[in-house]
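The values are calculated or read from the model by the stated rules, or taken from the named source; none is laboratory data. Note that the structure is predicted; figures quoted are calculated from it, not measured. Note that we place each Cβ from the backbone using ideal geometry, even for glycine, and neighbour counts take in every protein chain shown.
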Amino acid sequence: MTGRAGLLLAALLAAAPAVALEPHQQLLRGIYEELVEIDTTHSAGDTYRAAEAMAARLRAAGFPSDDVHVLQAAPRKGNLVAHLHGSGARRPLLLLAHLDVVEARRDDWSRDPFTLAEQDGFFYGRGTLDDKAMAAIFVANFIRWRQAGWVPDRDVILVLEADEETTAEHGIRWLLANHRDLIDAELAINEGGGGAYRGEQLLYNALQASEKVYFNYDLEVRNVGGHSSLPVKDNAIYRLAGGLARLAAFDFPVNVDAVNRAWFRSMAQLNGGPLADDMRAVGDGRTDPAVVARLAAGHPTYNARLRTTCVATQLEGGHAPNALPQLARARVNCRIMPGETEAQVRATLRGVLADPEIAIVDTGDEFRPSPPSPLTAELLGAVEAVTAELWPGVPVLPVMSTGATDSLYLRNAGIAAYGTSGIFSDIDDNRAHGRDERLRVRSLYEGQEYLHRLVQRLAGTAAGGAAAPAAAGARD
């Protein structure tokens, strides 16, 4: 697509919803609605039901039963694995998305979270952004490729997993341990990257190649307690509060790896003035304390890309209003930079708390670092080419996820995994995991075309000839 055609596409997408959807978009719309309206929360939902529903879609489209597997790891925990067979010239490409969603209580939302609603250019519902958009796109594209008779030069494997939002125990971890033969691949596309917009301006298309390590600690202070009418200075709550105050005032050392340096260099080009100068300096490896302080204070995202972070997220203490506390406990959630160890973080916390009465207690978390996926010329070139086709002038930004994705399990299993979706969301209003989660309507269809073209580039020639226009007829 030429730059002029891309501008025309943007104009069409911004127009009033007057044009009908293309058949592959209509297919996606139906799959998306079906998935969002299946409750797949951990507490009461059923990813097995969702996996079965998607398997039925694939079988109805002509996929042989031997190529569509619904694998149940536990009650209500189902995974879908499907294969689109290629020539076998190269090792497979894996497409991963998760079926489960975080909890959503009806009383917290302005609408039913498990009914897809389309209003004012947005889709509303739990999972509309995280991650049923990507899951629905993959299923719709699988059917599109099957109908077009596309034979890629490598197998394309679709995996829709359970438990990503919790422990991955019944999802990708279980699949790697029990069905590695069905999902073995050279590289994988997953969530963790996507586009960002502000207003009508598309800012960047992110490509995730690494991520921080998620790890929790419990801080505990125990005391003999006593009657509240006879207070003493040695109070468990006070001691814990003092340690937490010291933690709140502390910043971990700056540790900017190659991926984050590239991110800051790219962000410098999207900003101006002193902010751009500071970003460029960090991107070039200069970490002057004044520069770092300004960036860290400017936005939580900048600080999270500069260093490990540890923050108190839960607090409890005492057992009665008229008794001195015998126990005070706080949960501290850490996001640890690649290359740093759990022992280093624990030692740093011990020094910051500066109180031997504050115990650092194991929570049972497993420290799971993962190596960055290499930004190969093939992968990066494909992402940049498709981005340029669909959104001329929008840069591709290599990123480290400050959150966590299941790509870490693939990377540790020797499968290079990358987060990229082509799904753009509001940089100032991301509602994933939150109230009234939503996704811009045009972003769903743009993401469909992006992933259609990207997979074709990574797995051979285009299905049925040239790819269709990016989102002709998409509604806003």
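Quick notes
- Residue in the range 230-238 that is surrounded by 15 or more Cβ atoms within 10 Å (Cβ to Cβ), farther than 30 Å from Leu410 by Cα, touching an Asp or Glu at 6+ places or on another chain (Cβ under 8 Å) and of a type in the set (A, V, I, L, M) present: no
- So Gly381, is it of a type outside the set (A, V, I, L, M, F, W, C), assigned to a helix (DSSP H, G or I) and closer than 30 Å to Leu176 by Cα: yes
- For the range 45-67, the set of residues classified as more than 25 Å from Thr166 (Cα to Cα) and not acidic (Asp, Glu) consists of Ala56, Arg57, Leu58, Arg59, Ala60, Ala61, Gly62, Phe63, Pro64, Ser65, listed by residue number.
- Enumerated strands (runs of 3 or more DSSP E) restricted to the range 143-236, each holding at least 2 residues that are within 29 Å of Glu340 (Cβ to Cβ) and hydroxyl-bearing (Ser, Thr, Tyr): 201-211, 213-222
- Qualifying positions in the range 17-51 - over 13 Å from Tyr445 (Cβ atoms) and outside any helix (DSSP H, G or I): Ala18, Glu37, Ile38, Asp39, Thr40, Thr41, His42, Ser43, Ala44, Gly45, Asp46
- Output for the range 359-392, where each listed residue is touching a Ser or Thr at 6+ places or on another chain (Cβ under 9 Å) and closer than 30 Å to Leu244 by Cβ: Phe367, Pro369, Ser370
- Test: residue in the range 259-272 that is exposed (fewer than 14 other Cβ atoms within 10 Å of the Cβ) and outside any loop (DSSP other than H, G, I, E, B): no
- Just one of (1) in a loop (DSSP other than H, G, I, E, B); (2) touching a residue at least 60 places away in the same chain (Cβ under 8 Å); (3) under 25 Å from Ala104 (Cβ atoms) fails for Arg57. It is (1).
- Flag for Arg173 being modelled with pLDDT of 95 or more, among the charged types (D, E, K, R), in the same structural domain as Ser425 (by TED's automatic domain parsing) and more than 21 Å from the chain's Cα centre (by Cα): no
- None of Leu219, Leu202, Leu187 is surrounded by fewer than 24 Cβ atoms within 10 Å (Cβ to Cβ), at pLDDT 95 or above, closer than 30 Å to His319 by Cα and among the hydrophobic types (A, V, I, L, M, F, W, C) except Leu219.
- Residues in the range 93-128 that are in a strand (DSSP E or B) and free of Cβ contacts under 8 Å to residues at least 40 places away in the same chain were compared, and the one that is nearest to the chain's Cα centre (by Cα) is Ala117.
- Candidates in the range 393-426 are the residues that are among the small types (Gly, Ala, Ser) and either in a strand (DSSP E or B) or in contact with a Ser or Thr (Cβ under 8 Å, 6 or more places away or on another chain) (or both); of these, the one that is farthest from Leu379 (Cα to Cα) is Ser425.
- Hits in the range 63-87 - residues which are part of a loop (DSSP other than H, G, I, E, B) and hydrophobic (A, V, I, L, M, F, W, C): Phe63
- Set Thr376, Thr341, Thr348: member being more than 20 Å from Arg411 (Cβ to Cβ) and of a type in the set (Ser, Thr, Tyr): Thr348
- Verdict on Pro113 being surrounded by 20 or more Cβ atoms within 10 Å (Cβ to Cβ) and closer than 24 Å to Thr420 by Cβ: no
- Of all residues in the range 275-321, those that are within 29 Å of Val221 (Cβ to Cβ) and among the aromatic types (Phe, Trp, Tyr) total 0.
- Residue list for the range 179-210, restricted to those being in contact with a Lys or Arg (Cβ under 9 Å, 6 or more places away or on another chain) and either among the acidic types (Asp, Glu) or without any contact (Cβ under 8 Å) to a residue 60 or more places away in the chain (or both): Asp184, Glu186
- Residue that is modelled with pLDDT under 95, within 26 Å of the chain's Cα centre (by Cα) and either charged (D, E, K, R) or over 22 Å from Leu375 (Cβ atoms) (or both), where the choices are Arg307, Arg265: Arg265
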